[in-house]
Amino acid sequence: MPSSVIRLYSYDEAARRLRIRFVSGAVYDYEEVPPDIIEGLASAGSKGQFFGANIRDRFPFRRVFSGA
């Protein structure tokens, strides 16, 4: 299901790094994200709500790109 907040995401399981590109164009890397969180994100009906409840402010992150 498309998200109004998240354009796309990818996960590096070996590094436990989640990269999210938001609709705004901003790109963030979230570190130390366990696979079960990614499974939840993948199956969530609302990726934006899942992100807000389970990822945002819960894992170390850094902005990779500020957006357009």
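Observations
- Verdict on Gly45 being part of a loop (DSSP other than H, G, I, E, B), over 12 Å from the mean Cα position of the chain (by Cα) and at positive phi: no
- Residues in segment 7-16 that are assigned to a strand (DSSP E or B) and closer than 16 Å to Phe61 by Cα: 4 in all.
- Subset of segment 17-35 that is charged (D, E, K, R) and part of a strand (DSSP E or B) - its residue that is farthest from Val5 (Cα to Cα): Arg17
- Scope segment 31-46; condition within 22 Å of Ala15 (Cα to Cα) and not β-branched (Val, Ile, Thr); matching residues: Glu31, Glu32, Pro34, Pro35, Asp36, Glu39, Gly40, Leu41, Ala42, Ser43
- Residue check, Ile38 touching a Phe, Trp or Tyr at 6+ places or on another chain (Cβ under 7 Å), part of a strand (DSSP E or B) and of a type in the set (Val, Ile, Thr): no
- Only one of the listed residues (Phe50, Phe59) is in a loop (DSSP other than H, G, I, E, B), hydrophobic (A, V, I, L, M, F, W, C) and surrounded by 12 or more Cβ atoms within 10 Å (Cβ to Cβ). That residue is Phe59.
- Cβ-Cβ under 6 Å pairs, at least 6 apart or on other chains, segment 12-28 side without any contact (Cβ under 8 Å) to a residue 24 or more places away in the chain and over 19 Å from Ser66 (Cβ atoms), far side hydrophobic (A, V, I, L, M, F, W, C) and assigned to a loop (DSSP other than H, G, I, E, B): Arg16/Val33
- Test result for Ser4, touching a strand residue (DSSP E or B) at 6+ places or on another chain (Cβ under 9 Å), part of a loop (DSSP other than H, G, I, E, B), modelled with pLDDT under 95 and of a type in the set (Gly, Ala, Ser): no
The values are calculated or read from the model by the stated rules, or taken from the named source; none is laboratory data. Quick caveat, the model's predicted, so the values are computed rather than measured. Every residue, glycine as well, gets a Cβ built from its backbone with ideal geometry; the counts of neighbours run over all protein chains shown.
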